[in-house]
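The values are calculated or read from the model by the stated rules, or taken from the named source; none is laboratory data. Everything numeric here is computed off the predicted structure, so don't read it as measured data. Please note that ligands, DNA and RNA were not included when accessible areas were found on the heavy atoms of the full protein model with its side chains. Shrake-Rupley method; radii C 1.70, N 1.55, O 1.52, S 1.80 Å.
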Amino acid sequence: MIEILTPIVKSYCTDMGMECNQLAVQTLRRLRFLREYPVEQMMRDQKINQIYEGTNGIQAMDLLGRKLGMKKGLYFMNLIGITQPDIAEAKGLDLIKAEAAIVEGAFNACAEPLWHFAQ
């Protein structure tokens, strides 16, 4: 399971960190305070996080090319099985019903090709 989740978590965290830095730079640039705060350096450092330990693109290709098909997709199917009760619970909550449907659709789209491995 850890082999499946590692590239997903790495990419998500580094991409969201970069997005937060970009928003900070844009906000401070509009206010003309950019030089007074260290966000420029933080943004450069954050870009390195996306590259360190393999770029996010390479991690994604490794995930799709090797890891999702391991043991005929068993690991990813286990991940789906673990998350299905949480998705079902979230679909029952009015505040996050739409987001839960998006997550469910994404999982189903990823799982569809794996059915061919399993057969």
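Numerical summary
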| item | result |
| --- | --- |
| Extension gain, F107 back to C20 (0.36 nm per residue minus Cα-Cα distance, nm) | 28.7 nm |
| Hits among lysines - C-alpha to C-alpha of K47 under 22 Å, sequence gap 8 or more where chains match | K10 |
| Partners for K91 among aspartates and glutamates (Cα-Cα distance below 17 Å; same-chain residues under 8 apart left out) | E99, E104 |
| Whole-percent carbon and sulfur share, accessible surface of segment 1-81, 1.4 Å | 62 |
| Shape of segment 51-99, Cα gyration tensor, a/c cut at 1.5 | oblate |
| Normalised contact order of the chain, rounded percent, pairs of Cα under 8 Å and 6 or more residues apart | 28 |
| Radius ratio Rg over Rh of segment 1-45, counting only Cα atoms, Kirkwood formula for Rh | 1.20 |
| Mean projected area (nm²) of the alpha-carbon convex hull when the chain is viewed from all directions | 9.5 |
| Probe 1.4 Å, protein heavy atoms only - accessible area per residue of segment 4-119 in square angstrom | 72 |
